[in-house]
Each structure stands twice: as structure tokens, then as C-alpha cells.
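Undergrad: Can you keep this structure in mind? I'll have questions shortly.
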Amino acid sequence: MSEKSLVHHVYDGIEEHDNNLPNWWLFILWTTIVFGTGYWFWFHIAEAGPGQMGEYATESAEFARRASGNKPASNEMLLALVKDPESVAGGKAVFQANCAACHGPQGQGLIGPNLTDGFWLHGGAPMAIHKVVAEGSVAKGMPAWERTLGAERVKAVTAYVLTLKGTNVPGGKAPQGEPETP
Amino acid sequence: MQQQRIVYDDTTTRRFIFAAVVFGIVGMAVGALVASQLAWWQANLGIPYLTYSRLRPLHTNAVIFAFVGNMMFAGVYYSTQRLLKARMASDLLSKIHFWGWQAIIVAAAITLPLGITTSKEYAELEWPIDLAIALIWVVFAINFFWTLAKRNEKNLYVAIWFYIATIITVAVLHIVNSLALPLDGLKSYSVFSGVQDALVQWWYGHNAVAFFLTTPILGIMYYFLPKAAERPVYSYRLSIIHFWALVFIYIWAGPHHLLYTALPDWAQSLGMVFSVMLWAPSWGGMLNGLLTLKGAWHKLREDPVLKFLIAGVTFYGMATFEGPLLSIKSVSALGHYTDWIVGHVHGGALGWNGFMAAGMFYWLVPRLYGTRLHSTKAADAHFWLGTVGILLYIVAMWISGINQGLMWRATNPDGTLLYPNFVETLLAIRPMYIVRFVGGSMYLVGFCMMAWNLWKTARSGKAVDGETTVVVESPAAEAPVAAPAQTPAWVRVLTGRPLLFAIAILTVTMFLGWAKPVRAVVILVAIVGLGELAWIVTRRDREAGRPSWFALIEGRPLAFTVLTLVAILIGGVAELLPTILIDQAVPAHGEAQKPYSPLELQGRDLYVREGCYTCHSQMIRPFVAETQRYGDVSRAEEFIYDHPFQWGSKRTGPDLHRVGGRYPNLWHYTHLMDPRATSPGSNMPPYPWLAENRIKVKDAPRKLSLMQKLGVPYTNADVDAAESRQKAQGEAIAADLASQGIQVTWDSEMVALVAYLQRLGRGPQDVPPPPAGAPTASVTQEGSH
């Protein structure tokens, strides 16, 4: 980087050198231009790479593969989980983090219905509860949780809700729906 | 030949400096307040006018347009006069410019806290203020170009090039992005909608950064840095290359704000590759600044002015490396919507703009008052407080942004979200919000010390105006020089080899947009060939000592301005035009959006008024981690009636695009009254006034008919029925809440906002959904393709 002679102009006392451009700067300039051209060529001319929805399809397939190991829920499986303290404890943690805001910390009901009183809007059978947690109820404003929490957490939280059944927490929300008929 | 004495107008410069310092303190104090509100929600104080979502736009507008704007004008007025050896053309225009700009700032400071906003980031001001901005900008432009016409210096120095680029580009950006139809004196709707509005907005937003916060400051750097260092500028040829590359490339980069959104892939890719190509041109400016100090580095030790200027240029280099990095799609996937972006812009605003301003003020004020700086020690202390403050700020935001971005996408072995609850990811970064508040406050304290120091300096001297003497040649003496028959200058400008080569290369490059692989290879070979030829011809011309074309246009402001305008229009037109001309109503992958019901439209205006977009996006990107958390990927055709779009740019809270129908009305009511009742740990401010305030029921038909004019397919019958439909939908929501013990009137703002939130991602909620299986309009349309 030798100092080149001054350009003849002087502006308000400011002089200008006319040094050559540093090579490393030129390297960045040309590399980024070559990269940009190559990127455009690859994705938009040769169309050799997937677009963003293509990437998403690949990612979704991978997700489906990973989730395929989950066993579908059944009444027996859920009732078995109720007897497993570890699952119930996990379900309780999920409940406190995601459900308590609407159903109350003890399931006594706030915005959402009371889960301790034996009355059910969509049925009190293990799979009926599981369905509402997993798929939600748009009309009642219950979100579908399986998408966000995943199948295993939904099973665990269902098991926890089954343990609340009939605890009749004092001061709970008035009953909604039908009493459970055995 | 005669001597002429020229006295510069430095009064205007002094005024702009005073305004910049005062509004700098205001803008940064509001910044510190909003930063504290993110760490401690109680700092919202329950007052609508002091709520985060209304104040954040005030903070950004104040810092950009009031602080940097006034600082830029001070620098431009001071340096332009000296570089052109001419007093500003009109003292009256200078006065109108100064007082008009301050009036605009005051208007912004009143309207934004009142919730009078368009919700387009950094362009939130409503249409009457937009008109005033355009008017004052034109006054500034006339004053500037008139001074150019009266100049006593043949050629334009590089600082002036940057000022020219600033003036014309900001005018173009402001006018296009502010196009709107007014509903009344304080409310208007963007003429663009959905994807188009998003693209126009970020073309504007990004280039406001480029041409309001960067190019004028580069011009200021080119004047004040060599002045303060008393060293020559490093390289004239570098300044030519980085100027033209910067103005041409910058304008294309806007879509990097919209990576992985519903914007078409091709536009995203253009935004990304041009952002990457911006790296070298930006660093060209940094180099010319830093290397100007070659041989004078020791001055850094004593001179606070140089400390600030050099640190400012260094932060510029850092921000302009980080910018291209964040524009790479996979990096944006992680960084977008997080605090990383907030850290990035503050590296630029505090480091580059703030420090360049401080360096310029410390150099200027003693000279403007014919005295010495009151306290060099205090200036040094300001420098270190500011530097440590910036570092705390940006490091906190890096940690917080990357941390939260990783938490959003973290999964369990079976692919489900590790942190399904959004608040968890917010609580994890709260300590960083406190560090950011501390860093920002330190910077503000330093800035206040500068204000005191400058005040004491000014008080110790007396205002003096600079002057110079120029030799004016009489017209008679000039005539013989012009006599030799020469090609007219405009012909030489238009046939200049750099211009012809640029046109040839750009024309050929344009075809890359459509070419198939084989043809594209031919085109690429042609481009390389043309480039090679240009290189050979340039070398030969230089060796032959032919006059430079660049020197020619640098002596012709009109030619220079037109060429700059063309350079910035190419990128804008190439990206905006195809997107605007496309027929949005044809759904690409799904069902097109249905127009909002009257009440939902009213609620949407409240969403805009309260500034919900400052913390919530409405754009679910195509990642499994996002669709698990928020619902299906957002599609372009779901936003076609969104005037303006509400995609947002930051997720302090979760995305809301598919929140409709997810929760009961009571949940929304509870959440808006006290966010922590439904989301413990949330930092969202409460909005209890929504339950008290009433909407203007009579506005509904007016809003519908305005939307009709903007192309939303409401029928005249819809307009006529607007009030009754509005009432029916409002009463249904109010009745639902009443059945659960909550009493709000059907025409309360709460009900309207809940109506809007409940329809997000779905159709209007006041009409029964069409029976399943019945062919809808969009299905028939698809079938006919």
C-alpha cells in the first residue's frame, strides 16, 4: 500500500491521496459478487436447490419420522399412566405451565371449566379427555395442544387430569356440562 | 479578477446542533424508559400514553429523525458551504427548514403517544405530518441544490456526493412508502396491502437506515475526519468505487427483513445476495476513514474528537459486517424476531451515529464559538462511558437474541418442542434486559455530560461565523478558455466509458432474471467478458492520460444527481414493480383472505393504535418449530386485504397470526386487562382502558367504503349494513363475556379488539361458515386454471 501522489484537488484544506485498493478488500468484493451470482444461478436458474416450502416439506418429513415412534393413546394406556407416579408428576408440571392459567392451579376452573367436579362438557372417559387436550375445542376456546406439546406430554397431562377427577376442590367453578355416567 | 468575501451561515448549524443535543437526550431517555419497561412491566405505569407499544415508535422516530436528522443537517450545512466556498443560497429557506423540522418533531412527539400512527416502522407518522416532511425536505433540497448552483468550487468533493444521494433517495423512499388514503385528518390506510405493503415498507425501512443514517454520516465523516486528523483522505479511487457500489447495491437489500416470510423466494434471494455484496462497499467507507489516520494514530491518545470519530467508524465496520451476516437466510432464520436485531441496530445507532455525532459536536462547537472545548477530561469520560455502555448493550442483546432463537427451535428427541411455553423463553432472557437497560443508561449519562460540556464551551465564547475569500473571474476572462470547439459536456457525460460499460453490463445482467441454465452461462460469460474489456479500456485510458469521466461528472451536479437517481431506482423498480403488478387475489396455494367484518376492521385499527406489532408478529415462517408453536405456515394470499400489513419484526411476545379461535373471549379479556393472569411471567403491559373506551360506531361504514376504494371487495350493501353487522357481532361477544360474569358494553374497544384477534388466521366471525363441500370462489378459480 504505497502512498500515491495527492490528487490535485484540495477542498477546504482537505487533500486526497489516490492509493490503490487493498487486495484483501478487493478479495471480499469479488468473492461476495461471485457468491451472489452463484447463489442466484443455483437456486433460481438451475433450480437445483429447494425453495423455502421445499425445505419445509423435508423438515416436516423428518419430524414425522421422529414422531412415528410414539404409540397411539388408548383408555388402557392412559389408565396405566395414572398409576405411574413419574408420568403423573410430569403431567402435573405440564399442567402448571400451560393449563393452570385457565383451569386453575388445582384444576378448580377459572376461564376454563372445573376439572374436579365430575361434570364434563365432552365426556370424562380417558380418551375423551385426551381428545380435547390433543385437538382442542374451537367453539369453547380450548387450544389444540398436541401440536405444541407433543404426543407424550399430552398423554401425561391427560393422566394428571384423570387424577384430579372427583377431588372437588373447594371454591371451584360451578359445574358445566353433564355428570359423568359410569 | 476580483476578490470576494464570503461569510458562511453558521447560525443554522448552531441551531441544528442545539436541537440535535436536546432531542438526542429526549430520544435516548425514552429509549431507556422502554428498555426498563421490557425488564419491569410495572414501568408502563398503567398510562396509555406511556405504554411500551406506543412509546417504542416515539423512541425510534426521535433518535432517527430528531437526533440524527438534526445532527446530519448541522454537518451538511457546515461542510457544504465550505466545500463549495459559498454561503447557503437562502437564509429564509434555511430558517424554514430548521423550524419546519422542529415542528414536525413536536407533532410526532404529541401524536405517537396518543396512538396516532400508521404502524409502518420508522414511518409511523400520519399523513398530514408526512406531507409536512415532504414539504420541508423539498425546502432543504432546493436550498442545497441552489447552493450547488452558486458554488465557487468547480468539482464536488466526495462528502457532497453522499449528501446528494441522501437528499434524492430519502425523497423517493418517503413518498412511495407514505402513499395512503386518508379516512380523516388523523387516520389513513396504506394503498398497498399484505405482501406488497411489507415489501414497500422494508424497501423503505432498510433504505432509511442506508440513506438517512449512513450516507449523510459518511459524507460527514469525509469532511470532519480529515479535518480533525489533519491528514489527507486515504484514497480517492476507493471513494468513487464505494460510493457508486453503495448507492446502487443498498437499495436492493430491503427484502432481507422478510426472509422466510410469505414474500416470494426470488425477492428474498435478491435481498440476501445484494446484502452480502454490500459488505465490501460498506467497508470501503470504513477503510477510507480509518486509513486517513495513517501516520497520525498517536493523535488518538490526546484528541477526544478523533476517539469518537474513529470508534464511530469502527462500529460502522462492525455493523456492516453483522448486517450481511444476518441477511444470510439460515442466519436470519435464527436471528429474525429476536433481540439480536435490536443489538445490531443499536451497534449502528449508538456506535456509528451517536459517536460520529459526538465527535462532530466536540470539533464544531469550539469553532462555532471561537473558543476551546470546556473540558477534555469530561469528553474522555463521555467516550468511555459510551463505549462500555454500547458494549454492555450489544453483548446483552447477542446473548439474549441467540439464546431465545435457539430456545424457540429446541426440540426433544421425538421432535416436539423443548420449550413449548413462550414465556419460558422470555424469562430466560430477562437478566439480559436488565443489563441492556444499564448499558443504555450509561450511554445516556455520557451523552448528558456532553450536553453540559458543549453548553459550557458555548457560554465561554461568542458565536462566530466562518468566512473565506474567493477569486471571482469576470465572464470576459472566461470566454476564450471555452472557445476551442469541444464536444458538449452532456455528450461527454453520456458517452463516458464507465457509463456505457455499466449500462451494457446491467442490461445483460437483467436477463439473468429469466434465463435457463444454458443461456445463463452464456450471459455470465458475456458479463465477465464485458468486465474484462472495461478493465482493459480503463487501464489504457488512464495510462494515456485521458481525462477521467468521474472527474467530469463530479463537476456537473445535475448529471451527477440524475445518475445517482437512476442508480437507486434500478433496484427499487426491479423488486417492487413485479410484486405490485401481480394479481394478489389469485391464491397461490390455498384460499384467499375474506374481508374483515366491520367490527373486526375497527378492532384492527385498535391493534394498530396500541402498537401491538412492536412485540407480536403475524407471520408464521415455514419451520416445524414455528408451525408446532403457532399453527400452519402463513401464506401470501391470507393478507391481501391487510392495509397496512401487520407482520411485525420482533417477537417479544408470540406470533398472533393464527391466534383466532385458540382461546375463549374471556381469555382475551383477562389477558388484556392483566396479562399475568393468563400468562404468568409475561412482560406485556396491561391495557385496561380498552374496557372503558368506546369505538366510534359511525366510522364503520366510512371505513368499509374507504377499503372499497383501496380494492377490498365490499359491496355497497356491505357498507350499508356495516353498523348493524357491527352491533350484532359486538353484542354476541359482550353476551358471551356477560355469561361468565364480565360486563363490557358491546361498543367498547375491548370487544372490537377481541373480535379482531378472534378472526386472525380465519374468516370473518360474524357470518356462519359456508356449508362444507360447497364450492367457494377460490376453488372454482383454481379449477379454471
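Undergrad: Along the principal axes of its C-alpha atoms, what lengths does region A:112-182 span, in descending order and rounded to whole Å?
TA: Over region A:112-182, Cα extents along the principal axes are 32, 25, 24 Å.
Undergrad: Moving on to the next point. What number do you get for region B:281-384 when its Cα radius of gyration is normalised by 2.2 N^0.38 Å, N = residues?
TA: Numbers: Rg = 16.3 Å, N = 104, 2.2 N^0.38 = 12.8 Å.
The reported ratio for this selection is 1.27.
Undergrad: May I pose another question? Which value, in Å², gives the accessible area per residue of region B:1-68 when a 1.4 Å probe is used on the protein heavy atoms?
TA: Values: 2540 Å² over 68 residues.
Accessible surface, normalised per residue, equals 37 Å².
Undergrad: May I ask for the angle, rounded to the nearest 10°, between helix B:699-709 and the longest principal axis of chain B, with both axes built from Cα atoms and the value confined to 0 to 90°?
TA: Helix B:699-709 sits at roughly 60 degrees to that axis.
Undergrad: Please calculate how many Å² of accessible area region B:344-400 carries per residue, with a 1.4 Å probe and no DNA, RNA or ligand atoms counted.
TA: Numbers: 1920 Å² over 57 residues.
Here the per-residue accessible area is 34 Å².
Undergrad: Rounded, prolate or oblate for region B:375-523? Axes are the square roots of the Cα gyration tensor eigenvalues, ordered a ≥ b ≥ c, and the cut-off for rounded is a/c under 1.5. Before the final figure, lay out each step's value.
TA: Working: a/c = 6.28, a/b = 1.27, b/c = 4.97.
Because a/c hits 1.5 or more and a/b fails to exceed b/c, region B:375-523 counts as oblate.
Undergrad: OK, next. Can you tell me the length gained on complete extension of the stretch residue B:321 to residue B:702, counting 0.36 nm per residue apart and subtracting the Cα distance?
TA: 132.3 nm
Undergrad: Put simply, what bits of region A:7-32 lose 50 Å² or more of accessible area when the other protein chains are there, versus the chain on its own (1.4 Å probe)?
TA: Buried on complex formation: A:11, A:12, A:14, A:16, A:17, A:18, A:19, A:21, A:25, A:28, A:32.
Undergrad: If you take every residue apart from residue B:375 with its C-beta less than 15 Å away from the C-beta of residue B:375, what net charge results, scoring Lys and Arg +1 and Asp and Glu -1? Each step should come with its number before you reach the end.
TA: Details: positive: B:307, B:372, B:377, B:456, B:459; negative: B:302, B:303, B:380.
Charge balance near residue B:375 sits at +2.
Undergrad: Label point 7 Å out from residue B:142 along Cα-to-Cβ: which residues of region B:56-92 have amide N under 20 Å?
TA: B:73, B:77, B:81, B:87-92, by backbone N distance to the label point.
Undergrad: Once every Cα of region B:531-651 carries one equal point scatterer and solvent is ignored, give the base-10 log of I(q)/I(0) from the Debye formula at q = 0.09, 0.22, 0.23 Å⁻¹, two decimals.
TA: Here the Debye-derived log intensity ratios amount to -0.54, -1.38, -1.38.
Undergrad: To continue, here is another question. Of B:307/B:650; B:299/B:377; A:83/A:131; B:227/B:294; B:307/B:462, which sit over 24 Å apart, Cα to Cα? Could the numbers behind the result be given before it?
TA: Working: B:307/B:650 34 Å; B:299/B:377 15 Å; A:83/A:131 20 Å; B:227/B:294 14 Å; B:307/B:462 26 Å.
Checking Cα-Cα distances, B:307/B:650; B:307/B:462 exceed 24 Å.
Undergrad: Pairing the Cα long axis of helix B:304-327 with the longest principal axis of chain B, what angle in degrees results, from 0 to 90 and rounded to the nearest 10?
TA: 50
Undergrad: Right, next: Per residue in region B:737-754, which ones lose no less than 10 Å² of accessible surface when going from chain alone to all protein chains (1.4 Å probe)?
TA: With the partner chains in place, region B:737-754 has these residues losing at least 10 Å²: B:740.
Undergrad: How many Å³ per residue does the convex hull of the Cα positions in region B:246-325 occupy?
TA: On the way: hull volume 6.8 nm³, N = 80.
Spelled out: Cα convex hull of region B:246-325, divided by residues, is 85 Å³.
Undergrad: What is the distance, in nm, between label points placed 7 Å from the Cα along the Cα-to-Cβ direction at residue B:3 and at residue A:57?
TA: With each label placed 7 Å out from Cα toward Cβ, I get 8.1 nm.
Undergrad: Once you have a ≥ b ≥ c as the square roots of the Cα gyration tensor eigenvalues for region B:608-711, tell me rounded if a/c is under 1.5, and otherwise prolate or oblate according to whether a/b is larger than b/c.
TA: Values: a/c = 2.08, a/b = 1.10, b/c = 1.90.
Since a/c reaches 1.5 but b/c is at least a/b, the shape of region B:608-711 is classed as oblate.
Undergrad: Over the protein assembly as shown, what percent of the accessible surface lies on carbon and sulfur atoms, probe 1.4 Å?
TA: Values: 25730 of 38710 Å².
Looking at the protein assembly as shown in its full context, I get 66 percent from C and S.
Undergrad: In addition: What figure in square angstrom, to the nearest 10, would you give for the accessible area of residue A:27 with a 1.4 Å probe?
TA: Spelled out: residue A:27, probe radius 1.4 Å, area about 140 Å².
Undergrad: One-quarter of the Cα convex hull surface for the protein assembly as shown, in nm²? All intermediate terms of the calculation are to be shown ahead of the outcome.
TA: Details: hull surface 174.7 nm².
In nm², the orientation-averaged hull projection of the protein assembly as shown is 43.7.
Undergrad: Work out the P(r) tail for region B:54-212: percent of alpha carbon pairs separated by more than 23 Å, whole number.
TA: Values: 4926 of 12561 pairs.
Of all Cα-Cα pairs in region B:54-212, 39 percent lie more than 23 Å apart.
Undergrad: What order do B:657, B:256 take when sorted by accessible area (1.4 Å probe), most exposed first?
TA: Sorted by accessible area, descending: B:256, B:657.
Undergrad: Can you tell me how region B:172-216 classifies by the Cα gyration tensor, rounded, prolate or oblate, using a/c under 1.5 as the rounded cut?
TA: Numbers: a/c = 3.38, a/b = 1.72, b/c = 1.97.
Verdict is oblate for region B:172-216.
Undergrad: Multiplying the sequence separation of residue B:580 and residue B:728 by 0.36 nm and subtracting their Cα-Cα distance, what value in nm do you get?
TA: Values: separation 148, 0.36 × 148 = 53.28 nm, distance 3.63 nm.
Stretched fully, the residue B:580-residue B:728 segment lengthens by 49.6 nm.
Undergrad: What does the buried accessible surface come to for A and B, summed over both chains, with the probe at 1.4 Å? Round to 100 Å². It would help to have the intermediate numbers written out before the result.
TA: On the way: alone 12830 and 32080 Å², together 38710 Å².
It comes to approximately 6200 Å² buried between A and B.
Undergrad: Determine the sum of side-chain charges near residue A:75: Lys and Arg each +1, Asp and Glu each -1, restricted to other residues whose C-beta is under 15 angstrom from that of residue A:75.
TA: On the way: positive: A:71, A:83, A:131, A:155, A:165; negative: A:76, A:180.
Its environment carries a net charge of +3.
Undergrad: Please give the FRET efficiency for residue B:565 paired with residue B:411, using the beta carbon to beta carbon distance and R0 = 45 Å, rounded to the nearest 0.05. Mind showing how you got there, number by number?
TA: On the way: r = 50 Å, r/R0 = 1.11.
Here the calculated transfer efficiency is 0.35.
Undergrad: Treating chain A as a set of equal point scatterers at the Cα positions, no solvent, please give the Debye-formula log₁₀ I(q)/I(0) at q = 0.09, 0.11, 0.16 Å⁻¹.
TA: -0.53, -0.63, -0.97
Undergrad: Here's a follow-up. Among the DSSP beta bridges whose two residues both lie in the protein assembly as shown, what percent are antiparallel, rounded to the nearest 5? Before the final figure, lay out each step's value.
TA: Numbers: 18 of 20 bridges.
If I count the DSSP bridges inside the protein assembly as shown, around 90 percent turn out antiparallel.
Undergrad: Sticking with this structure for a sec: Around residue B:657, which amide H atoms from residues at least 5 apart in sequence, or from another chain, sit under 5 Å from its own amide H, with H modelled in the peptide plane?
TA: It is B:619, by chain and number.
Undergrad: Please compute the net charge surrounding residue A:11, taking Lys and Arg as +1 and Asp and Glu as -1 over other residues with Cβ under 10 Å from its Cβ. Intermediate values should be presented prior to the final figure.
TA: Working: positive: B:82, B:85; negative: A:12, A:15, A:16, B:153.
Net local charge, residue A:11 excluded: -2.
Undergrad: OK, next. So how compact is region B:488-582: Cα radius of gyration and Dmax in angstrom?
TA: 16.1, 51
Undergrad: Please compute the per residue accessible area over chain A with all protein chains in place, 1.4 Å probe, rounded to a whole number of Å².
TA: Details: 9600 Å² over 182 residues.
Dividing the accessible area of chain A by its residue count gives 53 Å².
Undergrad: Oh, and also: Identify all lysines with a Cα-Cα distance to residue B:727 below 27 Å; exclude those on the same chain that are fewer than 8 residues away in sequence.
TA: Those lysines meeting the cut-off are A:140, B:187, B:594, B:696, B:698, B:703, B:709.
Undergrad: How big is the accessible area of residue A:42 in square angstrom, nearest 10, if you roll a 1.4 angstrom probe over the protein chains?
TA: 140
Undergrad: Another question about this same structure. On each of the three principal axes of the Cα atoms of chain B, give max minus min coordinate, whole Å, ordered largest first.
TA: Per principal axis, max minus min of the Cα coordinates gives 91, 66, 56 Å.
Undergrad: Then there is this: Return the sequence-ordered ³J(HN,Hα) values of region B:615-630 in whole Hz as given by the Karplus equation 6.51 cos²θ - 1.76 cosθ + 1.60 applied to θ = phi - 60°, using x for Gly and Pro.
TA: Result, rounded to whole Hz: 10, 10, 8, 10, 7, 8, 7, x, 10, 4, 4, 7, 6, 5, 7, 10.
Undergrad: Could you state the angle between the C-alpha long axis of helix B:598-610 and the longest principal axis of the C-alpha atoms of chain B, as a value from 0 to 90 degrees rounded to the nearest 10?
TA: 40
The values are calculated or read from the model by the stated rules, or taken from the named source; none is laboratory data. All figures in this text were calculated on a predicted structure; none of them were measured in a lab. Glycine gets a Cβ as well: all are built from the backbone with ideal geometry, and neighbour counts include every protein chain shown. In case anyone asks, the SASA skips ligands and DNA or RNA and just uses the protein heavy atoms, side chains included. Shrake-Rupley method; radii C 1.70, N 1.55, O 1.52, S 1.80 Å.
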